[in-house]
Amino acid sequence: MNLVIQGPETTSAQADELARLAGATRVERIAERAFRLRDSTRNDSIGAWCEERRIDHAFIPEGRRFADLKLLAMDMDSTLITIECIDELGDLAGRKAEIAAITARAMRGEIEYRESLRRRVAALAGLAQSSLGTIYEERLKLTPGADALIGACKRHGIQLLLVSGGFTFFTERLKARLGIDHTISNVLEVKGGKLTGALVGEIVDADAKAAKFREVLQGLKAKKHESVAIGDGANDLKMMGEAGVSVAFRAKPVVQARATCAINWCGLDAVVNLLE
């Protein structure tokens, strides 16, 4: 296994020290603040050592190459973008605290996702449809490193899938803007220029995300090991389980515990460094 370490202030001296802890045979610098420690051995001290120094770390099998990937999937809210769109809509509706609390519980897996979404969308009833544009234009920002990750995927011909328990209004605009290949998300019902507090069609939940991932992977005639999935909430776990490498990005503890690796300190471009 190779141990990949990276962080906002990671140094070559830290890489050398960690190489000794992990019994690595060689240290390679792969970016300004990222290193690959060849032939490393897991031990219980590495996680705590890295956490104390704000270093992201991941054990990745030798020979896994980024250019060999066929599919990279990621969640939208709090992953590709920095906000939770539904929470921001709740702010415009004067109910942000209420909606954000439900969002947080759902992402931790404490509330069944479909029920949590219905409750949050219902709280938006009566909000002007134009509020969606306000959020997109004024509040929606890409997560640091998103452009670099998407650019790397395009250079290597890797298909991009954006999955979201959020809304088509946002995913379709991001698809067009960023050149994303596939999306799946929920549709808000609008009547008379206002949100009704209901959804149109089937709810995109954990099962739907996983099913879409499998569908695209099969359409590409790709194998599991040729895919990566990135998410932050409990409703991403089933999709992440379908991927060869699963990345918990600034994620809830339940997600970090089950992912291949976690990124807590770096941006999305750190995903590129995980593979050779």
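The values are calculated or read from the model by the stated rules, or taken from the named source; none is laboratory data. No experiment lies behind these values; they were computed from the predicted model shown. Because the Cβ atoms are built from the backbone with ideal geometry, glycine has one as well, and the counts that use them run over all protein chains shown.
Worth a mention:
- Qualifying residues in the range 13-33 (those that are among the aliphatic types (A, V, I, L, M) and either free of Cβ contacts under 8 Å to residues at least 24 places away in the same chain or in contact with a Gly (Cβ under 8 Å, 6 or more places away or on another chain) (or both)) - the one surrounded by the fewest Cβ atoms within 10 Å (Cβ to Cβ): Ala13
- Looking only at residues in the range 220-241 that are more than 14 Å from the chain's Cα centre (by Cα) and assigned to a loop (DSSP other than H, G, I, E, B), the one that is surrounded by the most Cβ atoms within 10 Å (Cβ to Cβ) is Ala222.
- Looking only at the range 203-219, and only at residues there that are surrounded by 18 or more Cβ atoms within 10 Å (Cβ to Cβ) and among the hydrophobic types (A, V, I, L, M, F, W, C), the one that is nearest to Phe66 (Cα to Cα): Leu217
- Pairs with Cβ under 6 Å, 6+ apart, first in the range 109-137 and free of Cβ contacts under 8 Å to residues at least 24 places away in the same chain, second outside any loop (DSSP other than H, G, I, E, B): Ile111/Arg105; Ser116/Ile102; Ser116/Ala106; Arg119/Ile102
- Residue count for the range 35-63, restricted to those that are surrounded by fewer than 15 Cβ atoms within 10 Å (Cβ to Cβ), over 22 Å from the mean Cα position of the chain (by Cα) and either within 19 Å of Asn264 (Cβ to Cβ) or not charged (D, E, K, R) (or both): 8
- Any chance Gly231 is on the phi > 0 side of the Ramachandran plot and touching a residue at least 40 places away in the same chain (Cβ under 8 Å): no
- Residue that is farthest from Asn235 (Cα to Cα), among those in the range 103-122 that are hydrophobic (A, V, I, L, M, F, W, C) and crowded, with 21+ Cβ neighbours inside 10 Å: Val121
Every residue, every condition in (1) touching a helix residue (DSSP H, G or I) at 6+ places or on another chain (Cβ under 6 Å); (2) not assigned by TED's automatic domain parsing to the domain that holds Ala262, yes or no:
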site: Ile55; (1), (2): no, yes
site: Leu72; (1), (2): yes, no
site: Thr79; (1), (2): no, no
site: Glu98; (1), (2): no, no
site: Ala106; (1), (2): yes, no
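- Residue check for Val4: assigned to a strand (DSSP E or B) and free of Cβ contacts under 8 Å to residues at least 40 places away in the same chain: no
- Failed item, numbered, when His57 is tested on (1) over 30 Å from Gly165 (Cβ atoms); (2) at pLDDT 95 or above: (1)
- Members of the range 264-276 found to be buried (at least 19 other Cβ atoms within 10 Å of the Cβ) and in contact with a Lys or Arg (Cβ under 7 Å, 6 or more places away or on another chain), listed by number: Trp265, Leu275
- Counting only strands (runs of 3 or more DSSP E) that fall entirely inside the range 16-123 and contain at least 2 residues that are aromatic (Phe, Trp, Tyr), no element qualifies.
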